[in-house]
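Since the structure comes first, as structure tokens, the remarks are kept for the end.
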Amino acid sequence: MAKDREGEADEGRALRERMGRIKRKIAIISGKGGVGKSLVTANLAVALAWRGHPHGVGILDADIHGPSIPKLLGMCGELLTADQEGIRPAEGPLGIRVVSMGFLLPSEDTPAVWRGPLKMKAIRQFLSDVVWGDLEYLLIDLPPGTGDEPLSIFQLIPDISGAIVVTIPSELSEVVVKKAVTFARMLKAPIIGLIENMSGLTCPYCGKEIEVFSGRAGERIADELKVPLLGRIPIDPRISRASDEGVPFVIEHRDTPAGRAFMEIVDRIEARMREGAAG
């Protein structure tokens with residue numbers, strides 16, 4: 001028992017030291033799946049990296065059962081390496097440091113059939129054993145809902161900079177995203193803001209915006225819960241193609257309406273960080 005406690009204490013110290021070298025740690029959360037949360041995470045990381053932050057950007061893909069960051073960044077087949085200092089992140093586009101369960105599975109088709117304790121242990125190791133180094137931003141892509149993985153992240157990183165909530169403009173998403181905001185607030189995590197993904201379709205021929213879903217849930221939720229609306233990302237068929245090809249959308253399409261939306265959202269995130277997010 002004493003040895004177990006010593007091991008936990010050493011792991012706790014390592015976690016604090018690793019996280020202490022990361023200036024801003026941001027959780028990306030959603031109330032439900034299918035809202036494009038991982039896609040948003042990947043493109044926000046690339047957009048931040050474009051800004052040339054001196055200490056760089058990292059992504060922790062904390063979705064143990066459905067890791068999709070490797071596919072979105074064109075990193076399938078990458079492996080994590082280790083040395084005497086710890087586990088080394090894989091390097092993605094623009095030097096983004098990436099850790100994902102997807103790098104530890106034999107193939108994309110292999111499931112991680114794990115219960116809660118194993119998932120919590122893996123997340124703790126991703127935080128304490130990975131040599132993240134000095135980072136300006138670490139974006140943590142969490143699975144949907146309020147289960148083991150989000151709870152572990154918020155408990156293990158008490159100085160987390162905040163949470164960004166991703167939704168789509170539908171009534172179903174509106175109901176569950178409120179739970180995600182309440183969950184973050186219960187755990188004392190500041191709400192940096194809300195992103196409405198799939199927010200209308202820009203016609204490629206006439207440029208007119210078409211409302212695909214009914215209404216603008218993002219604006220209603222932001223007003224009701226008193227959190228900032230960071231931006232609305234329109235539907236663009238090229239986003240899906242870029243994701244399938246493993247090329248982050250903003251790398252090749254920054255000058256499109258969706259690309260500009262991502263860059264404007266990054267402007268607002270950085271402004272919120274300078275102000276000190278509180279919501």
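No value in this document is a laboratory result; all are computed from the given coordinates. On a predicted model such as this, the values are computed, not experimentally measured, just so you know. Positions of Cβ are backbone-derived with ideal geometry, glycine not excepted, and every protein chain shown enters the neighbour counts.
Taking all Cα-Cα distances within the chain, those exceeding 36 Å account for 11%. Each residue of the stretch 173-279 gets 123 Å³ once the volume of the Cα convex hull is shared out per residue.
If R0 is taken as 25 Å, the Cβ-Cβ distance between Asp109 and Arg238 corresponds to a FRET efficiency of 0.40.
Computed from the C-beta positions of Val212 and Asp267, the FRET efficiency with R₀ = 25 Å rounds to 0.45. The charge dipole of the stretch 24-275, taken about its Cα centre with unit charges on the Cβ atoms of Lys, Arg (+1), Asp and Glu (-1) only, comes to about 600 debye. Sorting 114-125, 35-46, 20-31 by their mean Cβ neighbour count within 10 Å, with the most densely packed peptide first, gives 35-46, 20-31, 114-125. Placing a label point 7 Å from the Cα of Asp159 along the Cα-to-Cβ line, the residues of the stretch 128-142 whose backbone N sits under 19 Å from it are 128-140. Pairwise alpha-carbon distances in the stretch 56-117 exceed 17 Å for 38% of all pairs.
A dipole drawn for the chain from +1 and -1 charges on Cβ atoms has a positive end, and of Ile59, Phe183, Gly200 the residue lying farthest that way is Phe183. Compute the distance from the alpha-carbon center of the stretch 99-166 to that of the stretch 182-248, in whole Å. Answer, in whole Å: 23. Amide hydrogen proximity for Ala90: with H placed 1.01 Å from N in the peptide plane, the residues at 5 or more positions away or on another chain lying under 5 Å are Val98. Counting only alpha carbon atoms, the long axis of helix 37-50 and the longest principal axis of the chain meet at about 90°. Among the listed pairs Lys37/Lys226; Lys23/Lys226; Lys32/Lys179; Lys23/Lys179, a Cα-Cα separation exceeding 18 Å is found for Lys37/Lys226; Lys23/Lys226; Lys23/Lys179. Since only Ile235, Gly276, Met263 are under comparison, the one whose Cα sits farthest along the positive direction of the charge dipole of the stretch 234-279, derived from C-beta charges on Lys, Arg, Asp and Glu, is Gly276.
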